[in-house]
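J.: Could you have a look at this structure, given as structure tokens, before my questions?
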Amino acid sequence: MKFLESVIEWVIFASRWLLAPIYLGLIGALAILVVTFFREIYVEIPHLMTMKTADVILLVLSLVDLSLAANLVLIILFSGYENFVSKIDQAHSDPDRPEWMGTLDFSGLKIKLIASIVAISGIHLLKIFMNVPKYTSEELQWYVLLHLTFVGSGVAFALMDLIEEKAHKMSGKH
């Protein structure tokens, strides 16, 4: 029976490697964001001298939006792989290793994730507000409601983490 238990535990532990292809796929998603970023620049640069200020701001907001999305993918890629699959040995000796890498736990990852989503949503909402005439008031209400939902979720996540941290401190388990 002990042998069977060991085999089952080994299979369960080894199953974490099933996540590795997903993280490789996220590298592909990051590449897609990079191509999209430069496509935006390539398409809009010829029109730059004739663009209205509002259009330039919308272009910059789109680029910032893509940058935030790429940062989010990278955070999930690094943190998810290190938390759930394996430590990235290559990164330990690299002087350019991000400080948060290897220290961001699941709770921290949730907070960074929701903060990035709120930032992306906020930028998207700003882009919408710069083109208010293109949207109905019902569409605007939905966009604002969705953004507020993301903000509320972020606050709820932060409060849950704070409560959990205080509970751990009170029980002496932290």
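The values are calculated or read from the model by the stated rules, or taken from the named source; none is laboratory data. Everything numeric here is computed off the predicted structure, so don't read it as measured data. Glycine gets a Cβ as well: all are built from the backbone with ideal geometry, and neighbour counts include every protein chain shown.
J.: Does ASP161 qualify as being surrounded by 12 or more Cβ atoms within 10 Å (Cβ to Cβ) and within 14 Å of the chain's Cα centre (by Cα)?
T.: no
J.: Considering (1) surrounded by 13 or more Cβ atoms within 10 Å (Cβ to Cβ); (2) modelled with pLDDT of 95 or more, say which one ARG97 fails and leave the rest.
T.: (2)
J.: Please specify each residue of segment 8-61 satisfying the condition of being touching a helix residue (DSSP H, G or I) at 6+ places or on another chain (Cβ under 7 Å), within 21 Å of PHE78 (Cβ to Cβ) and in contact (Cβ under 8 Å) with a residue 60 or more places away in the chain.
T.: ARG16, LEU19, TYR23
J.: Testing LYS127 on (1) in a helix (DSSP H, G or I); (2) under 16 Å from the mean Cα position of the chain (by Cα), one condition comes back false. Which one is that?
T.: The number of the failed condition is (2).
J.: Would you be able to say whether some residue in segment 43-50 is more than 23 Å from VAL132 (Cα to Cα) and modelled with pLDDT of 95 or more?
T.: Yes, some residue in segment 43-50 is more than 23 Å from VAL132 (Cα to Cα) and modelled with pLDDT of 95 or more.
J.: Return a yes/no flag: does segment 70-93 have any residue that is over 14 Å from the mean Cα position of the chain (by Cα), loosely packed, with under 13 Cβ neighbours inside 10 Å and of a type in the set (Asp, Glu).
T.: Scanning segment 70-93 turns up at least one residue that is over 14 Å from the mean Cα position of the chain (by Cα), loosely packed, with under 13 Cβ neighbours inside 10 Å and of a type in the set (Asp, Glu).
J.: Could I ask something else about it? If LEU4 satisfies every condition in (1) out of contact with any Leu (no Cβ under 9 Å at 6 or more places or on another chain); (2) in contact (Cβ under 8 Å) with a residue 12 or more places away in the chain; (3) of a type in the set (A, V, I, L, M) but one, which is the exception?
T.: All conditions are met except number (2).
J.: Among the residues of segment 36-53, which ones are within 21 Å of HIS124 (Cβ to Cβ), of a type outside the set (D, E, K, R) and surrounded by fewer than 11 Cβ atoms within 10 Å (Cβ to Cβ)?
T.: VAL43, THR53, listed by residue number.
J.: Which members of segment 130-157 meet the condition of being of a type in the set (Asp, Glu) and either more than 26 Å from VAL56 (Cβ to Cβ) or not in a helix (DSSP H, G or I) (or both)?
T.: The one that is of a type in the set (Asp, Glu) and either more than 26 Å from VAL56 (Cβ to Cβ) or not in a helix (DSSP H, G or I) (or both): GLU138.
J.: Let me ask something additional. Has segment 125-142 got any residue that is touching a Phe, Trp or Tyr at 6+ places or on another chain (Cβ under 7 Å), surrounded by 14 or more Cβ atoms within 10 Å (Cβ to Cβ) and without any contact (Cβ under 8 Å) to a residue 60 or more places away in the chain?
T.: Looking through segment 125-142, at least one residue is touching a Phe, Trp or Tyr at 6+ places or on another chain (Cβ under 7 Å), surrounded by 14 or more Cβ atoms within 10 Å (Cβ to Cβ) and without any contact (Cβ under 8 Å) to a residue 60 or more places away in the chain.
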